[in-house]
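Student: Dropping the structure in here first, questions after.
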Amino acid sequence: MLLNLLRSRLRQNPPGFYVVLYTEMWELFGRFGITALLVLYLTHTFNIADSHAFSVYSTFMALIFGTPIVGGYLADRYFGSRVAIILGASLMTIGNALMVLPAPDVVYIGLAIVTVGYGLFLPSLPPLLSAMYKNNEHKRDAGFTFYYLGKNVGALLAPIACGFVGEHFGWNYAFILSSVGMASGLLVFILGQKHLQAFFRMPSATGQVTPHKRFKSKTLVYGLLACMVPVCYVMLYKNLDTSLMVVSFAVVLLMMARLLIKGTQAERKNLLLILIGIIGVIVFEAMLNMGGTTLNLFIQRIIDRKVMGTTIPTSAFYALDPIFMLIIGPFLATLWVNLSKQKRSPLVTDKFALGMAMLGLGFLIFVFAAKSALVHGHASPFFVVVAYFVFPMGELCMVPISLALVTKLAPRGKETLLVSIWMLSNAVAGFLTGVLSKYGQISFKLDSQAAIFKACHIYETLFLNSAIALFAFAGIFVVSRNVVRRYLLNNEELNP
């Protein structure tokens, strides 16, 4: 049944969809390779403390979603989506290759180059995908959901493949896979451009310009890109995640305020709904990203990873989320299409509420895992399997839906900018992940039963508070649905 459903969905998308999907799949492979291994790499190879590793992780997460503000502007104004994607993918390939060298400074340089690549790459793909559904609006949610679950093949493969290489050959060698994979995605994108010509956005700074002015503008633009690498390096090296968060949050507010002031009445209503989605994404992603920090270390330290005499690598558990996403996603995408055809599609606030509640339920399962470890010394991996089955249900109700909302309701000509603002909200979430994770840091050795019990209490408290916060936000979205329906948009627009 699942295969038939997948085949049916595959036939409903244009050929260019699969070029974009394949390219994005390898981007996500590289991203999940880094997020699954970075904290483990830093704490094991360089003996970095939990708190410091969390700061590097949160700074990296903030940067990959913060740099798209600059990258999105450059893509809209100077590069166009085609050049921005090619240049961004090239930088990510180089950055991952540099991280193979096991020296902290080189790792930070590699991470910095990767973040600049993300700045160009990430905001340029969603508008390209959105253009494919311009005349098929009723398929937009399903298309974005299928795209989101399809690219998670990369997220599935990365923790397993990179984890295996890291465990057996050294953590640094795992990044070779990320570099080769991204190079593969770049090659397919270049060869498949013929399917995307109708959807590429041209740069706005075109027209009658002299060769001298063209050379001057190109020099300034590429100079700005070159300067971004050392800036990102310093932020990673100095752990400037707090400063980055303040700047990111301020930029989000200022840019949204500017768009609200200059927009028409209809555009302001659309932007307010987008803002609601952005707030939801910040809260949701801040909690979800703990999968690469506190949850990763909880699994490594507290979960009994021995199954039939074999120890499962910690990073392998990170693959459970995309595995279940690939199973659940086709059914959910089909559900959105069927409900839309029947004019029964839930409001976006209903979908957001469901997403928050499911993630809260997942954290509640981790609470029970910590309680179990207090009794037995270790917890069964069954808790992780169940929690990571619930997580993607929430993710599919939140992340692709909010991104589809942005691409549909963004003012004309501002699509890439609004996607960049959406990405920047993930930067704020990345910082908050670091803040929250530090409440679960373990600054002592787990060399006794008493130490393990103390760690379990710390983890239990963090997971319980996270679950309570998520359930509270789910309640807020449920309560706000009537306000959204009455004051912002009509029913048709509320179902992006």
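Student: What number comes out for the charge environment of LYS262, summing +1 per Lys or Arg and -1 per Asp or Glu over other residues with Cβ under 15 Å away? Can you show the working numbers first?
Tutor: Numbers: positive: ARG258, ARG268, LYS269, ARG412, LYS414; negative: GLU267.
Taking every Cβ under 15 Å from that of LYS262, the sum is +4.
Student: Still on this model: Taking the Cβ of each residue in SER340, SER51 as the centre, tally the other Cβ atoms inside 10 Å and list the residues starting with the fewest. Don't jump to the answer; show the numbers that get you there.
Tutor: Details: SER340 18, SER51 14.
The order, fewest Cβ neighbours first, is SER51, SER340.
Student: Now for a different question. Which whole-Hz ³J(HN,Hα) couplings does region 425-436 yield from phi under the Karplus relation 6.51 cos²θ - 1.76 cosθ + 1.60, θ = phi - 60°, glycine and proline marked x?
Tutor: Each residue of region 425-436 in turn: 4, 5, 5, 4, 4, x, 5, 4, 4, x, 5, 5 Hz.
Student: Starting from the Kirkwood radius over alpha-carbon pairs of the chain, derive D by Stokes-Einstein at 20 °C in a medium of 1.002 mPa s and give it in µm² s⁻¹.
Tutor: 94 µm²/s
Student: Show the residues, 5+ positions off or on another chain, whose built amide H is closer than 5 Å to the amide H of ILE303.
Tutor: Hits under the 5 Å cutoff: ALA379.
Student: Between ILE94 and VAL307, what length comes free when the chain is fully extended (0.36 nm per residue of separation minus the Cα-Cα distance, one decimal in nm)? Don't jump to the answer; show the numbers that get you there.
Tutor: On the way: separation 213, 0.36 × 213 = 76.68 nm, distance 3.74 nm.
Working it through step by step, the gained length comes to 72.9 nm.
Student: Once fully extended, how much extra length lies between VAL106 and SER448, figured as 0.36 nm per residue of separation less the alpha-carbon to alpha-carbon distance?
Tutor: Values: separation 342, 0.36 × 342 = 123.12 nm, distance 3.63 nm.
Between VAL106 and SER448, full extension yields 119.5 nm more.
Student: What is the dipole size for the chain, taken about its Cα centre, with +1 at each Lys and Arg Cβ and -1 at each Asp and Glu Cβ, in debye to the nearest 20?
Tutor: Numbers: 38 positive and 20 negative charges, 318 e Å.
Charge dipole, the chain, about its Cα centre: 1520 debye, nearest 20.
Student: Calculate for the chain the 222 nm mean residue ellipticity that helices alone would give, adding -39,500 (n - 2.57) per DSSP H run of length 4 or more and normalising by residue count, nearest 500 deg cm²/dmol. Each step should come with its number before you reach the end.
Tutor: On the way: 19 runs with 383 residues, N = 496.
Helix contribution divided over all residues of the chain: -26500 deg cm²/dmol.
Any read-out appearing in this document is the output of simple, stated calculations on the displayed coordinates, not a laboratory observation. No experiment lies behind these values; they were computed from the predicted model shown. Quick reminder, even Gly has a Cβ in these numbers, built from the backbone with ideal geometry, and neighbours come from all protein chains shown.
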